[in-house]
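Everything on this sheet refers to the single structure shown next.
The values are calculated or read from the model by the stated rules, or taken from the named source; none is laboratory data. Only a predicted model underlies this, so the values are computations on that prediction, with no experimental measurement involved. No Cβ is skipped: glycine too gets one built from the backbone with ideal geometry, and neighbour counts run over all protein chains shown. The accessibility values were calculated without ligands, DNA or RNA, using every heavy atom of the protein model including side chains. Shrake-Rupley method; radii C 1.70, N 1.55, O 1.52, S 1.80 Å.
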Amino acid sequence: MHTTLAYADLPAVAPLLVRATANHVGRRPRAEAVLPTTVVRVARLRQDLGRLAAYNRVCGFGLRDAVPPTWLHVLTFPLQAALLAGPDFPFTPAGLVHTANTMTLHRPVAVGDHLDVLVRAEALRPHAKGALFDLVGEVRVGSELAWSGRSSYLARGASAPAGADAAGATGVTDDPAHPLRSEAAGEQPRTAQRWRLPADLGRQYAKVSGDVNPIHLSAATAKLFGFRRAIVHGMWTHARCLAALSGRLPETYTVDVAFTRPILLPGRVSFAAAESDAGVRFAVLGREEKPHLVGAVRR
Amino acid sequence: MPERSAVVVGGNRIPFAKAGTKYAAASSGDMLTAALDGLVARFGLAGQQVGEVAAGAVLKHTRDFNLTREAVLGSALDPHTPACDLQQACGTGLETVIYVANKIRLGQADTGIAGGVDSASDAPIVVSEGLRRALLRASRSKTLLERLKSFASLHPTDLAPVPPGVVEPRTGLSMGESQALTTAEYGLTREAADELALASHRNLARAWDAGFFDDLVTPYLGVTRDTLLRPDTSAEALAKLKPVFGGENGTMTAGNSTALTDGAAVVLLAEEEWARERHWPVLARVVDAQVAATDYVTGNEGLLIAGARAIPVLLERNGLTLADFDLVEIHEAFASTVLATLAQLEADGHGTVDRARLNVNGSSLAAGHPFAATGGRIVATLAKLLAERGPGSRGLISICAAGGQAVTAILEAV
């Protein structure tokens, strides 16, 4: 059984994150966390063309009728925040690390489509540095599942019950032998592009995505959380990779990424890709070719 | 209709000058008009109507939307001469030759002028994307308040001017950085690149000294020779230069890469019989042309070696091999661009190009490379060289261009 939290429109993210953080101030975490069974949803959501255009511009997508799958993730983000702000959510958002993401575009979604969007949490499992769990999102057009996504978060220092449900895990972060990370996965991605990330990129992306996490906004606010400078949103980097591959992507596909190291702003990174019959493997590389993100599109 | 053929009658360019020097005060329009007027004077075209003039520039001001027509109106040509602008990055000059030649062959024109110009000195500077959007929003606003609000989101850095883009939009890599990836991929050496650069300077200097350019170049603003040419450079001097692309151990230096250049070049084309009836020189026929593109965005191929894709198509269609060409002109964007293109052709089983036939009167490393003007320089030079060698001698041109493209063509002396 689950409870449903229904919104008429996407809620504002900032107050939710504040509430989610406040919920945990002075509260001792439970010895073993339990995820709420709440499903947060919005029905018949209209997409905002102006916001989509701004999102596409910041991420490097051209403006088409078909929206990028990462845009659909952005639409689920306020619902993720609502879930985190629930009184029964076990982790504070301040310490969460977005480690991996997988999403599938089951059918193309047009900017004019009205969307039913839902988010829930599942797959709490132990991790060497704490506990992992997934925020799962679904987007439907009418009754048809158009997009599904799974964002894996690490709650540092938290503990999950042993033998916990790991069925939904992406495996990318859990398993070093995952094809995304494996050296043996055929031809290594070749450097093809260089991206210059401006100092205000975190603020730009925050504006179009609603993700106002202070670690992305300025060096001063990022320092409060232990980062030397602001870091770019992982989902920006993810979106930018898909934008770089636009034209090579099939009509529908699954894309997996693992966020391996944060990118400090301003910054300069390179993009590498390798195509095969199975799909495209790609990576965003920093100094000494160390990966910030590794990913793959499966046809 | 009998078969028509398009021939190169002659060409004219202004000497090419290092950007920001001798031509710093001249606009693209000024230089194109100067090159055009030199051609008009050489062939007695003053007051005459030409079928069409096609030219272009890579770095272009918005006010230059009709650059070529404006140059025609500023020249001594009959103002009834129509003109259009074409743009194919560094392939612009050769693409205009193909366009005009095709019109002539199809009977849509008997004569035409093709060419290009670029000024890296007078390059357009634009406002930032943030300011541009704010200005557009303001122009759509109906009230003063709305108009003021349009500027509310501006950041101080939005007010800084933005120089023209020098990187590939899809990769964020400059030409040099892109070529450095290719250079590493093909394992090309510094020595081979410097050797090619040295040959370019020596060949161009020899051609100037021999008076080869006397009927191909008109002095402009006191400049009588290409100013980037270093007749006295040596292998030792080139070897001393520090790498500018590809990191500390890179092989690409300012000596084996083209410099930013100002200049303009035009070519006069005509239908062969039409030219003969008027006793115009008939230097070489434009036989065929091919454009190709590489898949460079995800790093599968080099940005500047599409010539290795275009040339085989051209050879196949014309039943020729590389050995059938007396002369080969491969635009020297970078020495390693030429070397990588040749290496790829060889790897694909097309054999090698005898260096004694390659860029025999120098190319862009020595002459400089005012982007859209390079095609006109090469076509006029090659046509004259082929004519000197006599009927039947064949030449091949390959010019790489931004966007992973290359424009290639075959000329044959008649």
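Report, in cubic angstrom per residue, the convex hull volume of the C-alpha atoms of segment A:186-299. Mind showing how you got there, number by number?
Working: hull volume 11.8 nm³, N = 114.
That works out to 103 Å³ per residue.
Give me the summed buried accessible area for the A-B pair, 1.4 Å probe, to the nearest 100 Å².
Numbers: alone 14050 and 17540 Å², together 30260 Å².
Heavy-atom accessible area buried at this interface is about 1300 Å².
At a 1.4 Å probe radius, carbon and sulfur cover how many percent of the accessible area of segment A:4-298? Mind showing how you got there, number by number?
Details: 6960 of 12850 Å².
Result for segment A:4-298: 54 percent of the exposed heavy-atom area is carbon or sulfur.
Leaving out ligands and nucleic acids, note down the accessible area per residue over chain B with a 1.4 angstrom probe, in whole Å².
Working: 16880 Å² over 414 residues.
Spelled out: the 1.4 Å probe surface of chain B, per residue, equals 41 Å².
Choose one answer from B:Arg225, B:Arg63, B:Arg206: the residue with the largest mean-square fluctuation in a GNM of chain B with alpha-carbon springs under 10 Å.
Maximum fluctuation in the GNM of chain B, among the listed residues, is at B:Arg63.
For A:Arg298, put the label point 7 Å out on the Cα→Cβ axis and report which residues of segment A:229-271 keep their amide N under 14 Å from it.
The answer is A:253-258, whose backbone nitrogens lie closer than 14 Å to the label point.
What aspartates and glutamates sit close enough to B:Lys240 to cross-link, taking a C-alpha to C-alpha distance under 20 Å and skipping anything fewer than 8 places away on the same chain?
Within the straight-line cut-off, B:Lys240 pairs with B:Glu191, B:Asp194, B:Glu195, B:Asp232, B:Glu248.
With θ set to phi - 60° and the Karplus curve 6.51 cos²θ - 1.76 cosθ + 1.60, what are the ³J(HN,Hα) couplings of segment B:405-414 in order, to the nearest whole Hz, using x for Gly and Pro?
So the J values, rounded to whole Hz, are 10, 8, 10, 10, 7, 10, 10, 9, 5, 10.
Please work out the average accessible area per residue across segment A:4-298, using the 1.4 Å probe convention, and give it in Å².
On the way: 12850 Å² over 295 residues.
Roughly 44 Å² per residue, with all protein chains present.
Heavy atoms only, probe 1.4 angstrom, no DNA, RNA or ligands counted: give me A:Thr237, A:Thr191 ranked by accessible area, highest first.
Details: A:Thr237 5, A:Thr191 40 Å².
From most accessible down to least: A:Thr191, A:Thr237.
For segment A:200-256, just the Cα set please: Rg and Dmax, both in angstrom.
Cα radius of gyration and Dmax of segment A:200-256 are 13.9, 42 Å respectively.
Looking at segment A:216-274, which trypsin sites (Lys or Arg not before Pro) are in a loop (DSSP not H, G, I, E or B) and have at most 14 other Cβ atoms within 10 Å?
Details: sites: A:Lys223, A:Arg228, A:Arg229, A:Arg240, A:Arg248, A:Arg268; in loops: A:Arg228, A:Arg229, A:Arg248.
Of the trypsin sites (Lys or Arg not before Pro), the ones in loops of segment A:216-274 whose Cβ has at most 14 other Cβ atoms within 10 Å are A:Arg228.
Once you keep just the Cα pairs under 8 angstrom separated by 6 or more residues, what percentage relative contact order results for chain A? Walk me through the numbers before you get to the answer.
Details: 659 pairs, mean separation 53.9, N = 299.
Here the relative contact order equals 18 percent.
Take peptide B:293-300, look around each residue's Cβ out to 10 angstrom, count Cβ atoms belonging to other protein chains, and average those counts. Present the calculation step by step, with values, prior to reporting the outcome.
On the way: counts 0, 0, 3, 2, 9, 15, 11, 5.
Mean partner-chain Cβ count within 10 Å for B:293-300: 6.
Among all stretches of chain A without exposed GluC sites (Glu not before Pro) (DSSP loop, at most 10 other Cβ atoms within 10 Å), which one is longest?
Values: sites that count: A:Glu183, A:Glu187, A:Glu251.
With a cap of 10 other Cβ atoms within 10 Å, the longest stretch comes to A:1-182.
For B:Glu277, project a label point 7 Å along Cα to C-beta. Then give me every residue of segment B:35-51 with its amide nitrogen under 15 Å of that point.
Once the point is set 7 Å along Cα→Cβ of B:Glu277, B:51 turn out to lie under 15 Å by backbone N, inside segment B:35-51.
Chymotrypsin sites (Phe, Trp or Tyr not before Pro) within segment B:34-126: which are DSSP loop residues with at most 16 other Cβ atoms inside 10 Å? Intermediate values should be presented prior to the final figure.
On the way: sites: B:Phe43, B:Phe65, B:Tyr99; in loops: B:Phe43, B:Phe65.
Filter output for segment B:34-126: B:Phe65.
What pairs from B:Lys22/B:Lys242; B:Lys18/B:Lys60; B:Lys22/B:Lys103; A:Lys207/B:Lys149; B:Lys18/B:Lys242 go past 24 Å between their alpha carbons? Present the calculation step by step, with values, prior to reporting the outcome.
Values: B:Lys22/B:Lys242 26 Å; B:Lys18/B:Lys60 18 Å; B:Lys22/B:Lys103 36 Å; A:Lys207/B:Lys149 17 Å; B:Lys18/B:Lys242 20 Å.
From B:Lys22/B:Lys242; B:Lys18/B:Lys60; B:Lys22/B:Lys103; A:Lys207/B:Lys149; B:Lys18/B:Lys242, over 24 Å: B:Lys22/B:Lys242; B:Lys22/B:Lys103.
Which ³J(HN,Hα) values, rounded to whole Hz and listed in residue order, are derived for segment B:334-347 from phi using the Karplus coefficients 6.51, -1.76 and 1.60 in 6.51 cos²θ - 1.76 cosθ + 1.60 with θ = phi - 60°, glycine and proline given as x?
Calculated HN-Hα couplings, in order: 9, 4, 6, 5, 4, 5, 5, 4, 5, 5, 5, 4, 5, 4 Hz.
Kindly provide the GluC sites (Glu not before Pro) of segment B:311-414 that DSSP labels as loop, not H, G, I, E or B, and whose Cβ sees at most 15 other Cβ atoms within 10 Å.
Within segment B:311-414, no GluC sites (Glu not before Pro) qualify (loop, at most 15 other Cβ atoms within 10 Å).
Could you rank the peptides B:6-17, B:267-278 by their average count of other C-beta atoms within 10 Å per residue, with the highest value first? Could the numbers behind the result be given before it?
Working: B:6-17: 28.0, B:267-278: 21.5.
Output ranking for B:6-17, B:267-278: B:6-17, B:267-278.
Where the only charges are on Cβ atoms (+1 Lys, Arg; -1 Asp, Glu), what is the dipole of the protein assembly as shown about its Cα centre, to the nearest 20 debye?
Details: 71 positive and 70 negative charges, 639 e Å.
Dipole magnitude for the protein assembly as shown comes out near 3060 debye.
How many angstrom lie between the Cα centre of segment A:1-47 and the Cα centre of segment A:221-265?
24 Å
What percentage of the solvent-accessible surface of chain B, computed with a 1.4 Å probe over protein heavy atoms, is contributed by carbon and sulfur atoms? It would help to have the intermediate numbers written out before the result.
Numbers: 9020 of 16880 Å².
Its accessible area is 53 percent carbon and sulfur atoms.
Starting from a Cα-only point model with no solvent, please compute log10 I(q)/I(0) by Debye for chain B at q = 0.09 1/Å.
Taken in order of the listed q values, log10 I(q)/I(0) reads -0.54.
Please list, or write none, the lysines whose alpha carbon is within less than 25 Å of the alpha carbon of A:Lys290, excluding same-chain residues fewer than 8 places away.
A:Lys129, A:Lys223
Looking at chain A as a GNM with Cα springs under 10 Å, which of A:His216, A:His233, A:His24 has the largest mean-square fluctuation?
Comparing A:His216, A:His233, A:His24 in the GNM, the peak value goes to A:His24.
Quick one: if you stick a label point 7 Å off each Cα along the C-beta vector at A:Thr254 and A:Phe225, how many nm between them?
2.9 nm
Which percent of Cα pairs goes in each bin when the distances of the protein assembly as shown are cut into 20 angstrom slices starting at zero?
16, 40, 29, 13, 2
For chain A, set up a GNM with springs between Cα atoms under 10 Å and report which of A:Leu118, A:Leu49, A:Leu264 has the largest fluctuation.
The residue that fluctuates most here is A:Leu49.
Would you work out if segment A:4-298 is rounded, prolate or oblate? Take a ≥ b ≥ c from the square roots of the eigenvalues of the alpha-carbon gyration tensor; rounded if a/c is under 1.5, else prolate when a/b is larger than b/c, oblate otherwise. Intermediate values should be presented prior to the final figure.
Details: a/c = 1.31, a/b = 1.15, b/c = 1.14.
Note, shape of segment A:4-298 comes out rounded.
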